[in-house]
Every structure is written in structure tokens, then in C-alpha cells.
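Report on the following structure.
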Amino acid sequence: MNRCKSATFLFLHLHQGKLWSKSSQPVCVIPTCTRPMEIGRLNPTRHLSPAMKVPVVVALGPGVTHLKEGDRVGIAWLHSACGHCEFCFSGWETLCKAQQNSGYSVNGSFAEYALGQADFLGRIPDQLSFVDAGPILCAGVTTYKGLKETDARPGEWVVISSVGGLGHVAIQYATAMGFHVAAVDVGEEKLDLARELGAQIAVDARAEDPARKIQDEIGGAHGILVTAVSPIAFKQAMGMLRRRGTCVLIGLPPGEFPVSIFDVVLSRYTLRGSIVGTRKDLEEALGFAAEGKVKATIEQLPLDSINEVFSRLREGKVNGRVVLNVA
Ligand code: ZN
């Protein structure tokens, strides 16, 4: 442990203590031969989400009994939560006001060693490679949770708005969860990808009004997941809802969009946001990936290319997710 502590300023760390303890009794974690971290469609002006390191445990802090050395684990955005507020009590630790976030309020994942809160580490199934697990720790759990939040049931229709880094994963989850899937984006390349991943309907928002198309084709969607980075997509999404439908926002462009009060009231629409997922959501999301039902499109690059990746993110030139190898 001393070695790990002394490395604090050089390596990435995760913190761990006893259950809900704020004391930093660390679990020391080291990645194996491949040391991937994923970068996706982020807001580069805010931060680089590190939510995705997938190492193995090399040392445990005092009081940690549910992990052992060699366990495959991953660091998610939710680094820790207080454990005693109304949100933590009710299974909504993602809303804890005292939460810490990996790479944002605590040191993130871009190094060979890290300290983490053992209670908040994702357990990586053996069948899932580290590279494939990386995107699931952020894009995967976020889209999976967002789909759950649509309250759609198997056999009902969900629309995935935008087939980017989040959307291409969302289509796979939606298909695996038993929904009928429609996708909206612009350009044949994106629409072909959507169909390939399981979308039964793919709408080019530049060629036709997506709201009208979805209403004409299926009578509106029970659930809509907006992964887009353009505010116009959020406005369009509301028009695609079926009566009593739910629109879930997980894309994060700055700005606002107008909502018709009449439409929301008379059609009993629900509009809600969703942010990452709980530890239980993460476990389920990893399970789908381990079964081969969800796999992000991944480009692997060395850590040295991180500035170039940032530039590409700003320019919208990252397709799928980038996984950085530390080794
Ligand atoms: Zn809390």
C-alpha cells in the first residue's frame, strides 16, 4: 500500500474505504497488459470523462471483503456517493449531491495505477475484454439506464435519436431489451449503421420530417431516447411521441428547446433527463455486453494521441468510441 500511496501524484488513483466511509483507505488497482480507457462523444469544453478504466485489483484497503486481488474491475463516472441521503437510500445514488465523479472531482483514470472506492467499482465479467468493457462503463450504462427510464415495455417502440457514440450502443441495448427500434439521424451512413445494429426503421431527418414519419409509420413511439448533441433534435423528439409516451434526454448540448404545454398536457407526455446509472444498472449493462449482445464500435489508440483525440472530438470526427491504451 505504501507503494501505491507514494505513487499518488504520478498515477491515477481510486479511493476506497469501508462501507460508505469517506476515509481514504485505498484499494489499489492496476490494469493488466492491455490498459484501455475509453473516450467518446464528450463535451470537450467541460472535461474528459475518464469513466472507463478497466484494471485488475492489486491491493485492498482495510475492511474490503467483497473484492480480492486479481478481480477485474472498472471505474465509472460515479466514483462515490454519501450513502445516507434520500437519494442514496432510495437507490438513486446517481443523484446524490455529495457524489464524487471520476476524473472530475477526483483524479480520474489516465494512468497505470489508480485508487478507487471499492463499493463503486464495476465488476467486469470474465467473458468481456477490457477493451470492450471500457465503453460500457459510460456509454453503455448511460444508454441502458436511459432506455429503462422510457418505461417502454418489450414489444413497444422506442426511437433512438442520433446514431453517434451513445446512439449506436443504445440501438443494441434497445434491441436486446426486446423493443422495436427506430432511429433518427442524418446521412445514409448513419442510417445504414442503425439498420445493421437492429433498427427496423431509420429516418433521415434531413430528407423528411422525423416526427411525421414516426407518427405515420408506427403511431408515435412509446419511448424516445435523445442522445443527440444538437438542440433541434430535442424539439423533434417530442413530436415523435405516442400519447402517454416518455422522452428521455441523455445528450448534453448546451441550450434550451421549446416544449408545447398543450401537447404535454393533452397527450400526457413525460419528459425527463437521465444521468449514467446506478451500480445495479452498471452490472446489468455489463451483463448484456458479456453475452455479446452489445458491442461498441471502438478505435484503439495510444495514450500519447490524447490531444489529437480531443481535437477530433471538438470537430465531431470520432465515430463510436476511442479506447486509449496506457501500456
Ligand atoms: Zn447520497
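Read-outs: derived from the displayed coordinates by stated rules, not from any lab. Everything numeric here is computed off the predicted structure, so don't read it as measured data. As a convention, Cβ positions derive from the backbone with ideal geometry for all residues, glycine included, and neighbour counts pool all protein chains shown.
Of note:
- Candidate aspartates and glutamates for bridging to K68, where Cα separation is under 16 Å - those fewer than 8 sequence places away on the same chain excluded: D119, D126
- Net charge of Cβ neighbours under 14 Å - reference K213; Lys, Arg +1; Asp, Glu -1: -3
- Most tightly packed first, judged by the mean number of other beta-carbon atoms within 10 Å of their residues, the peptides 296-303, 307-314 read 296-303, 307-314.
- Rounded to whole Hz, the Karplus (6.51, -1.76, 1.60) HN-Hα couplings of region 229-242, x for glycine and proline: 10, 10, x, 4, 5, 5, 5, 4, 4, 4, x, 8, 6, 7
- Of all DSSP beta bridges in region 143-273, antiparallel share, percent nearest 5: 0
- Cα gyration tensor category, rounded, prolate or oblate, for region 210-327 with a/c compared to 1.5: prolate
- Whether region 143-273 is rounded, prolate or oblate, judged on the alpha carbon gyration tensor where a/c under 1.5 counts as rounded: rounded
- Cα-based shape type of region 226-281, given that a ≥ b ≥ c are square roots of the gyration tensor eigenvalues and the cut on a/c is 1.5: oblate
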